[in-house]
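J.: Please find one structure pasted underneath; my questions will follow.
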Amino acid sequence: MAQGRDDHGGIEDLFPGDEPAHDATTAPSAGSDGAADDVADAPAASTSSTGKRPAKKRRISVVGVAGELLITAGVLVLMFLGWQLWLDDQLSAPRLKNEATGLSQQWDKEAQKPTAKPSQPGTDVSQNPPVQTAPKNAERFALLAIPRFGTDFYRPIAEGVGVQDVLNKYEVGHYPSTQMPGDVGNFVIASHRSAYGGALHRIHELEVGDHIFIETEDGWYQYSFRNLEYVKPTGVGVLDPVPQQDGVAATQRLLTLTTCNPFYSTAERIIGYSVFDKFTPRADGPPKEIAATVNGGS
């Protein structure tokens, strides 16, 4: 996942300045014996195209140009890393929020059509929410809102966790092998922590009881954050219906967030677990806690 991440160092100066060239033959000082004759008899310094002095100048020039090119290349690499790992995340956030808002508004319009799915009479949907149908790979089917991350945090969720077709396209991805929103079990999503949107960059700031919202065409699934866990990249037990308990039947609806840790590294994974609280139908409007986010405010 995502989807991120990456340590890098600086550029050292490998090309100290050369000593200036000196003539092998110099004129004697004024007042010395035979000064005029010595000056007259002294051979002239070579200035031909095959002389040593021009050749040394060329060598110095090549070394200097090579050094400047290496330093320039290093600066460009650092600028690219800064763009990809930080600035790009900041610039992409408004675009992703606008796209999420547009999808939410589209669902609002569809919900007003006569063909919209009717609610089941006598069913308490707040505790028995509708189960979403699995979408096609890379298809957007849900939205993520986390008040702890700010009013402007609003991200699309797509099916799949492929690096090239989902995570590197700035999406939050859903593990297809895990449950869908509304189903009993574990709805697991992933994102890069830095670069490509870095949706879960601030996952370590979550506190017990923080609400996390998954929005679909049917409405809003509200979860309460429980705890963090750190695992190796091979720790696939977090995908189990009951995390880290293979073969145990699920009785709860869980939401699991996964991303890389530490920053700018893929050495391990940081996992955030949340438990389902309630469901709000789209007809009732968004929960008050995220109304400004959903309605396009900031």
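Bear in mind these aren't lab numbers, they're just calculated from the coordinates by the rules spelled out. This is a predicted model, so every value here is computed, not measured. Cβ sites come from the backbone with ideal geometry, for glycine too, and all protein chains shown count toward neighbours.
J.: What does DSSP give for the range 87-294 in terms of the percent of beta bridges that are antiparallel, rounded to the nearest 5?
T.: Of those bridges, close to 80 percent are antiparallel.
J.: Find which of GLY272, LEU254, GLY296 sits farthest along the positive direction of the dipole of the range 244-298, computed with +1 on the beta-carbon of Lys and Arg, -1 on that of Asp and Glu, about the Cα centre.
T.: The listed residue farthest towards the positive side: GLY296.
J.: With Cβ to Cβ distances under 9 Å as the rule, what net charge do the other residues near ALA138 carry (K, R +1; D, E -1)?
T.: -1
J.: From the Cα gyration tensor of the range 87-294, with a ≥ b ≥ c the square roots of its eigenvalues, which class applies: rounded if a/c is under 1.5, or else prolate if a/b is larger than b/c, or else oblate?
T.: It is oblate, given that a/c is not under 1.5 and a/b is not larger than b/c.
J.: Now for a separate question. Going by C-beta contacts inside 10 Å, put VAL188, VAL275 in order with the fewest on the left.
T.: Placing the least packed residue first, the sequence is VAL275, VAL188.
J.: By the scheme Lys and Arg +1, Asp and Glu -1, what is the net charge of all other residues having a beta-carbon under 11 Å from that of PRO241?
T.: Overall, the nearby charge balance is -2.
J.: Using only the Cα atoms of the range 93-191, construct the convex hull and provide its projected area averaged over every direction, in square nanometres to one decimal.
T.: If you wrap the Cα atoms of the range 93-191 in a convex hull and average its projections, you get 7.5 nm².
J.: Another question about this same structure. Write down the Kirkwood hydrodynamic radius of the range 184-273, to one decimal in angstroms, obtained as one divided by the mean of 1/r over all alpha carbon pairs.
T.: Result for the range 184-273, one decimal place: 13.8 Å.
J.: Here's a follow-up. In percent, what relative contact order does the range 87-294 have, based on Cα pairs under 8 Å that are 6 or more apart in sequence?
T.: Taking the mean separation of contacting Cα pairs over the length of the range 87-294, I get 22 percent.
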